[in-house]
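For reference, the structure discussed in these notes is given below.
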Amino acid sequence: HTTDLLGELVCSSSLKAESPDTAHGLLKKEMSVMGSLTLEAAEASRVPGGAALCVDKALFAGYITRALEDSDRIEIVRQEALSLPEEGICVTATGPLTSPDLARALETAFGGGSLSFYDAIAPSVDIESVDMSRAFRQSRYGKGDADYINCPLTREEYHAFVQALCEGEKAPLHLAEDEKAVYYEGCLPVEVMASRGPETLAFGMLKPVGIEDPATGQRPYAVLQLRQENREGTVWGLVGCQTQLRQSEQKRIFGMVPALADAVFVRYGQVHRNTYLQSPGLLDPFFRLKKDPRLFFAGQLIGVEGYMESAMTGIVCGINIARLLSGREPLLFPAATVTGALQRYVSEGPGLSSAGKPLPFTPMKSNFGILPYAGGRGKQGRKEAKAAAALKAMVKMGENML
């Protein structure tokens, strides 16, 4: 967190897919029924992103900040929260900004029921410094506009790049838990991925499928994609290249990609520590602490993954607090919806393995796998059926939400 703005996006500028035939797009449709300031801000700060909803991070945070500052129902207090309040209803949604003092307060409240992990941010470059004679604009499979800049790599260039990533000097975490660091699988440093095998990146964030190099008319061996990060189109992020490498190493190693040989880095990648609670058994489906129901929790802190998923949990808390204050029961959204499925995942956990042992609780993002069967033939047909059932259930719920 580097600005004084609320709603600052500290990682990617992408809010994921918009189409309702994707789980991320379906969640956005559900949130639009509930009413979402996050979606409103995203629309006001949208930048090209192909099939994804991408935003100018500064404009996005500025929109949210102004909306909250202009509300006569909200008082913004700019000081550190050191502990949980002893009386009154409270929502804690500190996510990756949870300070050491507040983390200790949470440990006390939850009896040690929290975990920490590390995730990483990718570097960004000045577009004018990218050699466009060695790069080209194109979206994968030709979907949407040509919103990505593709930096192709030959087989030899790719393997040299992977070797350099594996051997590059890393920046220290400067935390007592360094030797026990656990990275979050959904946002692994690119060098960690590279260390898992020489072709891991070629089948992962550097995969060339759906891309054709206009200079050769063929699919490159690997492609590093750049995604626009501000409305002016001057800053572009290296997709999937979150890293813990030292800054000097980032410039050297990413400079091995021909199009980035002289790239000027606007922001270097870095690793940061996140905290999330072992929510199953601790929170009820309404995101309240079971042993003290006046305390609500939301966002990444409770074990959901993603900007929109975190925003959704905040909306659920807000709706249910409003209902409780008016003497009504809180809402558990239908299991057919992504919202309801995540409510259940957070409070109940992933269940048991085939061997009958409890599966580990880790942050969960929107996906069709957590939704119940709704009919349909074939993989796409089943997704469409689930999406239709979710939207029908959410619209019906919306009629009596508040």
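The values are calculated or read from the model by the stated rules, or taken from the named source; none is laboratory data. Because the structure is a prediction, the values reported are computed rather than measured. Neighbour counts run over all protein chains shown; Cβ positions are idealised from the backbone, glycine included.
Considering only residues of the range 358-370 that are touching a residue at least 40 places away in the same chain (Cβ under 8 Å) and assigned to a loop (DSSP other than H, G, I, E, B), which is surrounded by the most Cβ atoms within 10 Å (Cβ to Cβ)?
Once the filter is applied, the top-ranked residue is S366.
Could you tell me which numbered condition L282 fails, if it satisfies all but one of (1) within 22 Å of A51 (Cα to Cα); (2) not assigned by TED's automatic domain parsing to the domain that holds P172; (3) not hydroxyl-bearing (S, T, Y)?
For L282, the exception is condition (1).
Can you find a residue in the range 327-337 that is crowded, with 16+ Cβ neighbours inside 10 Å and closer than 25 Å to I64 by Cα?
no
Residues of the range 205-256 being more than 26 Å from the chain's Cα centre (by Cα) and not acidic (D, E), which ones?
P214, A215, T216, G217, Q218, R219, P220, Y221, S248, R252, G255, M256
Hey, does the range 17-26 have a residue that's closer than 27 Å to L325 by Cα and not assigned by TED's automatic domain parsing to the domain that holds D147?
No; the residues of the range 17-26 include none that is closer than 27 Å to L325 by Cα and not assigned by TED's automatic domain parsing to the domain that holds D147.
Being farther than 24 Å from G269 by Cβ and either part of a strand (DSSP E or B) or in contact with a Ser or Thr (Cβ under 8 Å, 6 or more places away or on another chain) (or both) is the filter; apply it to the range 137-154 and report the residue that is modelled with the lowest pLDDT.
D145
Condition check ((1) buried (at least 16 other Cβ atoms within 10 Å of the Cβ); (2) more than 22 Å from C317 (Cα to Cα)) across all residues:
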| site | (1), (2) |
| --- | --- |
| L39 | yes, no |
| A44 | no, yes |
| A52 | yes, yes |
| R66 | no, no |
| D70 | no, no |
| I76 | no, no |
| S83 | no, no |
| E87 | no, no |
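Of a type in the set (K, R), touching a residue at least 40 places away in the same chain (Cβ under 8 Å) and touching a Gly at 6+ places or on another chain (Cβ under 8 Å) - does that describe any residue in the range 375-382?
Within the range 375-382, none of the residues are of a type in the set (K, R), touching a residue at least 40 places away in the same chain (Cβ under 8 Å) and touching a Gly at 6+ places or on another chain (Cβ under 8 Å).
Among the strands (runs of 3 or more DSSP E) lying completely within the range 213-305, list those that include at least 1 residues that are polar (S, T, N, Q) and crowded, with 17+ Cβ neighbours inside 10 Å.
222-228, 270-277
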